[in-house]
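Below you'll find the structure, written out as structure tokens, and then a few comments.
The values are calculated or read from the model by the stated rules, or taken from the named source; none is laboratory data. Bear in mind the structure is a predicted one, so any value in this text is a computation, not a measurement. Positions of Cβ are generated from backbone atoms using ideal geometry, with glycine treated the same way; all protein chains shown enter the neighbour counts. Side chains are part of the model used for accessible areas, which takes the heavy atoms of the whole protein and leaves out ligands, DNA and RNA. Shrake-Rupley method; radii C 1.70, N 1.55, O 1.52, S 1.80 Å.
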Amino acid sequence: MMDEPLAIEAVELVEVALPLVRPFRTSFGEEQEKRAILIRVDGGDVQGWGECVAPEEPRYSEEWLDGSRLSLRNFLVPALLSGGPLSNPTQVGVRLAWVRGHRIAKAGLEAAVFDAWLRLRGKNLSEHLGGVRTRVVCGVSVGIAPSIEAMLDEISGYLQKGYRRVKLKIEPGRDVRVVEAVRQALPDVPLSVDANAAYSLADAPMFEALDELGLVMIEQPLHHEDLVDHARLQARIRTPICLDESIRSARDATAAIELGSCKIINIKPGRVGGLVEAVRVHDAALRDKIPVWIGGMLETGVGRAANLALAALPGVSMPGDTSASDRYFHQDLTPPFVLAPDGTMAVPGGPGIGVEPLAERLQSCTVRTETILRRTVM
Ligand code: OSB
Ligand code: MG
């Protein structure tokens, strides 16, 4: 029935570990394997899956995997369950709003509710959110490599597969020289860089040098909580600054646009606390004609499906970091996401997020599970 509420009986936290095809190195460290908490919402007749993308260590943001498990178990899941059946997933954010922060954990839970609620209705997530296309353009994010040769090797493999934008991770000491070498080898490739907040305004001369290399954007050059210095830096360079870490809500997005802190925004549902808030960021940016694209957190197929749903929104006008399963894993948890030779990927159709974890893959990757039951008052 179209208006049937979702009655959640239990929420299961399934921690998984998947080997990465190659270690992923950024200015804040290296990941060897992918760990995530998959969240399964049990709605009796339907179930829904979401992915909590908090990394193992609190380097990208203050959230981390073990902390997310506790915030989900102690606060977020009980707050969700105590409110009774849900007539709409927009109620999730309202029920969780008293918990400050913990956006990545909130986002995983909200995504699972969306999946279950939409499956109950046979409706697709992307269509429900306002998606306007069935295929989206993909880029790829390249970790810091041991040498320029290794990096060029990796990049040429991605370009052969069809990726339409290459993002290079940079850090102090591995920036202008590396980017210059890549630019020289690949004069026409849309290139961007992502500093993951590794610099300060004192490094403006380095960014002025990057400004000469025809980059599509410079992602999160400065402090993860800063807007003002980013505005100062943006005034000194032509290359658009794109904010990632600094944008945690639509409120942040509006402030950043007003201050001139960025000209592009990377939207990640985890970072902003969920799909509802991600759409709000999108809408705020679209209002001010600020291009957005959908970032990534090395998700398994469960999180990737939700990212692709968002990438179909009308204001998403640049290639995302939503790469194919084989860029990350030998085997994904879901049927693999595949890049077409033209550099596009299909947005999953079908009910909910459009994919489910494969039972035997899930079983072989699971390292622990915990079930939180709805408490029935006796
Ligand atoms: O800064 O965009 C980032 C991965 C983990 C944490 C932060 C970031 C990234 C990526 C990879 O750049 C994006 C992806 O391919 O999922
Ligand atoms: Mg980034």
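Annotation: Ile265 fulfils all but one of (1) within 15 Å of ligand 2 (Cβ to nearest atom); (2) of a type outside the set (Ser, Thr, Tyr); (3) under 10 Å from the mean Cα position of the chain (by Cα); the unmet one is (3).
When both residues are 6+ apart or on different chains and their Cβ atoms are under 8 Å apart, which pairs have a first residue that lies in the stretch 315-334 and is free of Cβ contacts under 8 Å to residues at least 12 places away in the same chain, and a second that is more than 13 Å from ligand 1 (Cβ to nearest atom) and open to solvent by 30 Å² or more (accessible area, probe 1.4 Å)? From the stretch 315-334, no pairs qualify.
Checking the structure you have, find out if any residue of the stretch 108-117 is touching a Gly at 6+ places or on another chain (Cβ under 8 Å), in the same structural domain as Asn196 (by TED's automatic domain parsing) and at pLDDT 95 or above. No, that holds for no residue.
Being out of contact with any Cys (no Cβ under 8 Å at 6 or more places or on another chain) and not hydrophobic (A, V, I, L, M, F, W, C) is true for just one of Pro319, Pro314. Which residue is that? Show your work before the answer.
Working: Pro319 fails: out of contact with any Cys (no Cβ under 8 Å at 6 or more places or on another chain).
None of the others qualify; the one that does is Pro314.
Report yes if some residue within the stretch 284-302 is more than 13 Å from ligand 1 (Cβ to nearest atom) and among the hydroxyl-bearing types (Ser, Thr, Tyr); otherwise report no. No, the stretch 284-302 contains no residue that is more than 13 Å from ligand 1 (Cβ to nearest atom) and among the hydroxyl-bearing types (Ser, Thr, Tyr). Against the conditions (1) more than 16 Å from ligand 2 (Cβ to nearest atom); (2) part of a loop (DSSP other than H, G, I, E, B), Val137 satisfies every one except (2). Scanning the stretch 154-163 for residues that are within 24 Å of Tyr60 (Cβ to Cβ) and open to solvent by 40 Å² or more (accessible area, probe 1.4 Å) turns up nothing.
For (1) over 17 Å from the mean Cα position of the chain (by Cα); (2) within 16 Å of ligand 2 (Cβ to nearest atom); (3) of a type in the set (Phe, Trp, Tyr); (4) crowded, with 24+ Cβ neighbours inside 10 Å, each residue gets a yes or a no:
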residue: Leu275; (1), (2), (3), (4): no, no, no, yes
residue: Ala278; (1), (2), (3), (4): no, yes, no, yes
residue: Pro291; (1), (2), (3), (4): no, yes, no, no
residue: Met297; (1), (2), (3), (4): no, yes, no, no
residue: Gly349; (1), (2), (3), (4): yes, no, no, no
residue: Glu356; (1), (2), (3), (4): yes, no, no, no
residue: Thr366; (1), (2), (3), (4): yes, no, no, no
residue: Glu370; (1), (2), (3), (4): yes, no, no, no
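With the requirement that a residue be more than 23 Å from Asp175 (Cβ to Cβ) and more than 16 Å from ligand 1 (Cβ to nearest atom), what does the stretch 215-251 give you?
Applying the first criterion (more than 23 Å from Asp175 (Cβ to Cβ)) to the stretch 215-251 yields 248-251.
Hits for the stretch 215-251 are Ser249, Ala250, Arg251.
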